[in-house]
Amino acid sequence: MHNDGGAALPIDSATLVGPNAGQLSVDPSGCASPIPAGGSCELAVTFSPTSVGLKNADLRVASSDPASPV
């Protein structure tokens, strides 16, 4: 993720939701909060399917930024 704002961006959580969310995992260790203005960080998402076929899940990142909550 990249913070285009002029102030530090607090990240509260990164979660996977949806019908196949259990077949993915998210590792936020590369994304220390807050992300400084102009800074970036990395969330690693791993896909470990348990069957063949189409899979669907969403990555949700929550922020407590009062001006622009995610």
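Rule-based calculations on the coordinates, nothing more; no lab input. Quick caveat: nothing in here was measured; it's all calculated off a predicted structure. Quick reminder, even Gly has a Cβ in these numbers, built from the backbone with ideal geometry, and neighbours come from all protein chains shown.
Anything in the stretch 21-32 that is surrounded by 14 or more Cβ atoms within 10 Å (Cβ to Cβ) and more than 12 Å from the chain's Cα centre (by Cα)? List them, or say none. Talk me through it step by step, then tell me what you get.
Of all residues in the stretch 21-32, those surrounded by 14 or more Cβ atoms within 10 Å (Cβ to Cβ) come to 21, 23-24, 26, 28, 31.
ALA21, GLN23, LEU24, listed by residue number.
Which condition number in (1) exposed (fewer than 11 other Cβ atoms within 10 Å of the Cβ); (2) free of Cβ contacts under 8 Å to residues at least 24 places away in the same chain is the one that THR50 fails?
Condition not satisfied by THR50: (2).
Here is a yes/no grid of residues against (1) surrounded by 12 or more Cβ atoms within 10 Å (Cβ to Cβ); (2) under 21 Å from LEU54 (Cβ atoms):
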| position | (1), (2) |
| --- | --- |
| HIS2 | no, no |
| PRO19 | no, yes |
| PRO34 | yes, no |
| ALA37 | yes, no |
